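Okay, so here's the structure we're looking at.
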Amino acid sequence: MRARTTIAAITAALAITLVGCSSDSKTDAAEPKTSARSKPSADISAAEKTTGIPPEPTPVMRAELLRALAAANPGIVRYEDKAIDAARNQCSALDSDKADWAASQRFTYKDVTTTEAQGKQINEALKGLNFCKV
């Protein structure tokens, strides 16, 4: 008798759980699902804009930027995506007293070392290309 009561209780609990989990497929299809990752990208873009970081460059601007960076230090462009990210981030430091030093740090990665003199050339290139206009 005790086994029958336990089995009945478990069956009832499972039935209640299954009913609670069911959903109307029409409602699910009508409501688009937004992931947690889709909203922060808009927030990040707004944050980047307020801190002076420009958007991803167009293919033409990207090519011009990579040429200008290579003129300052050819090793920088071995890692193109890293160089573009560093250039975008460097825009937020252009008005700083230590902009040349910041560029030397920002463009030193992996096996690439950038001096402050090269950092100064990078900053001049960013200004000359108007790359940092937000």
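Some values worked out for this structure:
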item: Boolean, Val60 is at pLDDT 95 or above and more than 23 Å from Tyr109 (Cβ to Cβ); result: yes
item: Residue check, Gly20 touching a Leu at 6+ places or on another chain (Cβ under 9 Å) and either at positive phi or modelled with pLDDT under 95 (or both); result: no
item: Those residues of the stretch 52-62 which are surrounded by fewer than 12 Cβ atoms within 10 Å (Cβ to Cβ), out of contact with any helix residue (DSSP H, G or I) (no Cβ under 8 Å at 6 or more places or on another chain) and either hydrophobic (A, V, I, L, M, F, W, C) or in a loop (DSSP other than H, G, I, E, B) (or both), in sequence order; result: Thr58, Val60
item: Residue ID - least open to solvent (accessible area, probe 1.4 Å), chosen from residues in the stretch 78-100 that are of a type in the set (D, E, K, R) and farther than 21 Å from Pro55 by Cβ; result: Asp100
item: From Glu64, Glu56, residue being in contact (Cβ under 8 Å) with a residue 24 or more places away in the chain and within 12 Å of Leu129 (Cβ to Cβ); result: Glu64
item: Tally, over the stretch 101-134, of residues that are within 18 Å of Leu65 (Cβ to Cβ), open to solvent by 30 Å² or more (accessible area, probe 1.4 Å) and in a helix (DSSP H, G or I); result: 7
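The values are calculated or read from the model by the stated rules, or taken from the named source; none is laboratory data. All of these numbers come straight from a predicted model, not from anything done at the bench. We place every Cβ from the backbone using ideal geometry, glycine too, and count neighbours over all the protein chains shown. Each accessible area value is taken on the protein alone, full model and side chains, heavy atoms only, with ligands, DNA and RNA left out. Shrake-Rupley method; radii C 1.70, N 1.55, O 1.52, S 1.80 Å.
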